[in-house]
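**Student:** Have a look at this one.
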Amino acid sequence: MVIADAVRHALEPYVGPMVADTCVRATALKLGKTADELGTADLTELDSNVRKLLGPVAPQAAIEEALDTLKRLAREGAFS
Amino acid sequence: MATGVSRSTWWIFGAAVAITALAAVLVALQLGGEAGVAAASDIHETLVVGLAAALILRSAWRLGPHTSVGRPWLLIGLGTLSYFVGDAIWTIIEVGMRQEVPYPGWPDVFYLIEYPLIAAGILSAGLAFRGLVPLGRPTRIALLVGGGLAAVVHFGLLAPFVLNEPGISLAERAFSSLYPLGDVLLMVAPAVFMLMVMASLGGGKLSWPWFAVIGGSIVVALADAGYSWLATYDLYQSGSFIDYGWSIGHAPIMLGALIAADLANPARSGPASS
């Protein structure tokens, strides 16, 4: 599984596909990469960007839930 | 995927709709004559709006009243509470004391306080989305709709029928102007702004509470506009179909707050990712 898809999949239920994609692309752009080039090393940056973008509109528990899922998948080695 | 909305949320919303439906049946059957109709109409509305105020404020508390997620619900809850106080005063005068409620009177003051609080709540929620969606277009469209409707209200209702009506007092004129103007500028325009923000978002659970609030605000605004027009011509009386607009309008606003609180509980929202 590509990490960008996992992030999109985690965020989509809350903010819809368009904003979920924007969130991934914004992080990739900040790191000088394309969305598909994002890897587990970029998880910290993704975590920080997701918190920054969703923090003002989403309940903290919902953000933690989405990010915990990503971290769990990373620990399980689910990302290519 | 679980919807994230708890069963109790739907039960509570259903109860609010059922109370309104029961009142409509009692009014249609004219049980208890004029006094019975007034009691059914006033008490059901006070109950539904009071329930809405309590539950919206509870949601605000659960989400954190000082956070950008909870603050909009605190403002909306306080607005609904103000409306409830207006309703309670109205019910005490009409049902408890069996007197005619003066227009304008104290209930109107509390009804009007709801406008800026609801507007502030909706707008602060919409502005919180600025990091996710551009707000320029929603702002322009809301200003256009609000300004256009305010012009229609002024030239189509206030100027010909209210402001130049010789038989009504200055206070009546002021309140009969504030209701429809408050409706279009502080209820409909913020609702349109939020609708455009949610449309830009393109879906997701975070938009659900606000679609409910948008629908409820528009119903409340329509009921207010109708009341203002009827009250100006002394045509309003408790039991009018307008009464259901206020309870039916506040019920979805309450539903929105309950859904927002449900989304803060990931156990109910289901897994974010599989």
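**Student:** For an R0 of 56 angstrom, estimate the FRET efficiency from the Cβ-Cβ distance between B:ALA159 and B:ALA21 and round to the nearest 0.05.
**Tutor:** Given R0 = 56 Å and the Cβ-Cβ separation, E is 0.90.
**Student:** How many partner chain Cβ atoms sit within 10 Å of a residue's Cβ in peptide B:200-211, on average, as a whole number?
**Tutor:** 5
**Student:** For chain B, set up a GNM with springs between Cα atoms under 10 Å and report which of B:PRO190, B:PRO104, B:PRO180 has the largest fluctuation.
**Tutor:** B:PRO104
**Student:** Sticking with this one: Using only DSSP helix segments of four residues or longer, with each worth -39500 (n - 2.57), what per-residue ellipticity at 222 nm results for chain B after dividing by its residue count and rounding to 500?
**Tutor:** Value at 222 nm, helices only: -24000 deg cm²/dmol.
**Student:** In chain A, what GluC sites (Glu not before Pro) fall in a loop by DSSP, with at most 16 other Cβ atoms inside 10 Å?
**Tutor:** Hits after loop and neighbour filter: A:GLU76.
**Student:** Further, regarding this structure: Where in the stretch A:1-24 does the label zone of A:LYS71 land, with the point 7 angstrom along Cα→C-beta and an amide N cut-off under 17 Å?
**Tutor:** Counting only backbone N, you get A:7, A:10-11.
**Student:** Check each of the chymotrypsin sites (Phe, Trp or Tyr not before Pro) in the stretch B:203-256 and keep only those in coil by DSSP with at most 16 other C-beta atoms within 10 angstrom; list them in order.
**Tutor:** B:TYR233, B:PHE241
**Student:** Moving to a separate point now. With chain A treated as a Gaussian network of Cα nodes joined by springs under 10 Å, which of A:VAL15, A:VAL24, A:VAL50 yields the largest mean-square fluctuation?
**Tutor:** Result: A:VAL15 has the largest fluctuation of those listed.
**Student:** How large are Rg and Dmax for the stretch B:11-169 when only the alpha carbon atoms are used, in Å?
**Tutor:** Rg and Dmax of the stretch B:11-169, Cα atoms, are 19.3, 56 Å.
**Student:** Before rounding to the nearest 500, sum -39500 (n - 2.57) across all DSSP H runs of length at least 4 in chain A and divide by the residue total; then give [θ] at 222 nm in deg cm²/dmol.
**Tutor:** -24000 deg cm²/dmol
**Student:** Apply the membrane-span-like helix rule to chain B: whole DSSP H runs, Cα extent along the own long axis of at least 20 Å, mean Kyte-Doolittle hydropathy at least 0.0. List the helices found.
**Tutor:** Qualifying helices, which must be both long enough and hydrophobic enough, are B:7-29, B:33-63, B:71-91, B:106-127, B:136-153, B:208-232, B:242-263.
**Student:** Give or take rounding to whole Å, what are the principal axis extents of the alpha carbon atoms in chain A, in descending order?
**Tutor:** Reported extents, whole Å, longest axis first: 29, 26, 19.
**Student:** Still on this structure, I have one more. Indicate the gyration tensor shape class of chain B (rounded, prolate or oblate), computed on the Cα atoms with a ≥ b ≥ c the square roots of the eigenvalues: a/c under 1.5 is rounded; otherwise a/b larger than b/c is prolate and the rest oblate.
**Tutor:** In terms of gyration-tensor shape, oblate.
**Student:** Charges at C-beta only: +1 for Lys and Arg, -1 for Asp and Glu. How large is the resulting dipole of the stretch A:13-80 about its Cα centre, in Debye rounded to 20?
**Tutor:** 140 debye
**Student:** Going through the stretch B:25-121, which trypsin sites (Lys or Arg not before Pro) have at most 13 other Cβ atoms within 10 Å and a DSSP loop state?
**Tutor:** The qualifying sites are B:ARG98.
**Student:** Which Cα, out of A:THR34, A:GLY55, A:GLY77, lies furthest along the positive dipole direction of chain A (beta carbon charges, K/R +1, D/E -1)?
**Tutor:** Working it through, the farthest residue towards the positive pole turns out to be A:GLY55.
**Student:** Figure the gain on full extension for B:LEU170 and B:ALA54 (residue separation times 0.36 nm, minus the Cα-Cα span) and round it to one decimal in nm.
**Tutor:** 38.3 nm
**Student:** Around B:GLY204, which amide H atoms from residues at least 5 apart in sequence, or from another chain, sit under 5 Å from its own amide H, with H modelled in the peptide plane?
**Tutor:** A:GLY16
**Student:** 7 Å from Cα along Cα→Cβ at both B:ARG140 and B:ARG98: what's the point-to-point distance in nm?
**Tutor:** Roughly 6.1 nm, to one decimal.
**Student:** I want to verify a result. In a Gaussian network model of chain B, Cα cutoff 10 Å, which of these has the top mean-square fluctuation: B:ALA221, B:ALA260, B:ALA128?
**Tutor:** B:ALA128
**Student:** So what's the projected area for the protein assembly as shown, the Cα convex hull averaged over all directions, in nm²?
**Tutor:** Averaging across all directions leaves 18.5 nm² for the Cα convex hull.
**Student:** Also, I was wondering about something else. Pull up the cross-link candidates among the aspartates and glutamates for A:LYS33, meaning alpha carbon to alpha carbon under 18 Å and not fewer than 8 places away within one chain.
**Tutor:** List returned: A:ASP5, A:ASP21, A:ASP42, A:GLU45, A:ASP47.
**Student:** May I pose another question? Grab the beta carbon distance between A:ARG25 and B:TRP11, set R0 = 51 Å, and tell me the FRET efficiency rounded to 0.05.
**Tutor:** Efficiency, from the Cβ-Cβ distance: 0.80.
**Student:** What FRET efficiency, computed as 1/(1 + (r/R0)^6) with R0 = 35 Å and r the Cβ-Cβ distance, is obtained for B:LEU127 and B:LEU29, rounded to the nearest 0.05?
**Tutor:** Computed FRET efficiency for B:LEU127 and B:LEU29 comes out at 0.15.
FYI, it's all coordinate maths here, none of it is from the lab. The structure presented is a predicted model; accordingly, all values stated were derived computationally and were not measured. In this analysis, Cβ positions are derived from the backbone assuming ideal geometry, glycine residues included, and neighbour counts consider all displayed protein chains.
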